[in-house]
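The values are calculated or read from the model by the stated rules, or taken from the named source; none is laboratory data. What you see is a predicted model, and the numbers here were worked out from it, not measured in a lab. Heads up, the Cβs are rebuilt from the backbone with ideal geometry, glycines too, and the neighbour counts pull from every protein chain shown. Only protein heavy atoms, including side chains, enter the accessible area calculation; ligands, DNA and RNA are left aside. Shrake-Rupley method; radii C 1.70, N 1.55, O 1.52, S 1.80 Å.
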Amino acid sequence: MNLTSRILLGMGGGVLLGVLFKVAAFDPSHWAVDFVLNGVMSVGGTLFIASLKVMVVPLVFVSLLCGASSLSDGTSLGRLGGKTLALYLLTTAIAISMALALALIIAPGERASDVAPMSFDAAPAPDLTQVIVDLVPTNPVAAMAEGNMLQIIVFAIILGIAIARSGEPGARVKSFFEDLNGVLMKLITMLIQLAPYGVFCLMTTLFSEIGWQDILKLGAYFLTVVLGLALHLGLVYPTLLSTLARLSPIRFFTKMREPMLVAFSTASSGATLPVTLRTVEHRIGVNNEVASFVIPLGATVNMDGTAIMQGVATVFIAQFYNVDLVMTDYLMIVLTATMASIGTAAVPGVGLVMLAMVLTQVGLPVEGIMLIIGVDRLLDMMRTAVNVTGDATVAAIIARSEGRFDDRVFLDPEAGQVVQKG
Ligand code: ASP
């Protein structure tokens, strides 16, 4: 059985066991809850997420350093950066506009009368000047220790450029990092084999906790977000892939199944990053120079799925509180939600926190977030899978336009497959 099938099996088994726990509604002190849910499943899920996260910082740093030192001249790096940011902004703007249109047509806020608010503490919106100043690390080790992705990206790029310009010593340093990159890729291949078990544990815990009642009450909102995500995944990305990169979307999605499943189970594009990077390079055929730059940047700043949720949620809250939004408000929402999805950290649930920024901008009550918090976990999982797919789509388009796409890898169904040992 290949890895994808095993992950799917783990997922199905986890959903089943989780639902059984939910139906059984054990007393919290019951041994099954204590030993299975709070014991084995919780430890297994946490270990799996940790095994992914442990690779993120070294991988992003080393892989990007190798990429930047090969793209030595400043012009190709500048061009690559410009194109990547433009595409990220474009796909996010499309996502949010579509979400707004869907929410206006379906009007989920007018169909949710008996929803009880839950408590929510709104975080203050980040200050834009501080965001810019924070791009450059004052201490690269601190940046790595804190896992500050944008700072790591900036440091790896400048160091990579310096390596490229350092002649003989630079070549020696580069060859060391290239070897290290190969070793790290091997590590991912080893750890990803744990995915079926990790996914099983995560799904069991999640499905034993899901509040289906809340989802039913907020059915219209939930389905509007799901529809938006499905359209973006099923229409926008395939159109971009076939027109701009001349790639078969079906083949692309088949190869993307592993990162999409891991993103769904962990609800964190940050934790999924090692799997995404490996897939994009070794299964899809994007050159390391492009992938190592576009994917970590995308995991941090490009969140189309999150933008879709924020668009629908804003209209939902406006309708719920009977606030009429005008054209300028919608433009403001597109702008701030695009910015907010850039500012959203790639961890579970942060999209909701950043929604506070969008709501404040258009003068809507931030307490509105309390209405939708109960159904957010499942939506978070789905939107994270879209976020990750968006990054890979842009990476493929950029690689194609730069002549750094390997069609042989893309066309080979076996390329980069994880084979089970033993
Ligand atoms: N969980 C999302 C991610 O990591 C972010 C969010 O929308 O909350 O991509």
Residue match in region 75-98 (condition: open to solvent by 20 Å² or more (accessible area, probe 1.4 Å) and in contact with a His (Cβ under 9 Å, 6 or more places away or on another chain)): yes
From Ala307, Ala267, Ala271, Ala313, residue being out of contact with any Gly (no Cβ under 7 Å at 6 or more places or on another chain), within 18 Å of Gln193 (Cβ to Cβ), within 16 Å of the ligand (Cβ to nearest atom) and open to solvent by less than 10 Å² (accessible area, probe 1.4 Å): Ala271
Yes/no for Ile7 being within 24 Å of the chain's Cα centre (by Cα), under 27 Å from Ile373 (Cβ atoms), open to solvent by less than 80 Å² (accessible area, probe 1.4 Å) and modelled with pLDDT of 90 or more: no
Residue within region 212-219 that is touching an Asp or Glu at 6+ places or on another chain (Cβ under 7 Å) and farther than 25 Å from Gly13 by Cβ present: yes
Condition check for Arg400: open to solvent by 30 Å² or more (accessible area, probe 1.4 Å), touching an Asp or Glu at 6+ places or on another chain (Cβ under 8 Å) and more than 13 Å from the ligand (Cβ to nearest atom): no
Residues that are of a type in the set (A, V, I, L, M, F, W, C), open to solvent by 20 Å² or more (accessible area, probe 1.4 Å) and over 20 Å from Ser269 (Cβ atoms), drawn from region 326-361: Val326, Met327, Leu331, Met332, Val334, Leu335
Counted residues, region 346-384 - those being more than 16 Å from Gly311 (Cα to Cα) and within 9 Å of the ligand (Cβ to nearest atom): 4
Some residue of region 53-65 being out of contact with any Leu (no Cβ under 6 Å at 6 or more places or on another chain) and free of Cβ contacts under 8 Å to residues at least 12 places away in the same chain: yes
Odd one out for Glu414, checked against (1) more than 13 Å from the ligand (Cβ to nearest atom); (2) assigned to a helix (DSSP H, G or I); (3) surrounded by fewer than 18 Cβ atoms within 10 Å (Cβ to Cβ): (2)
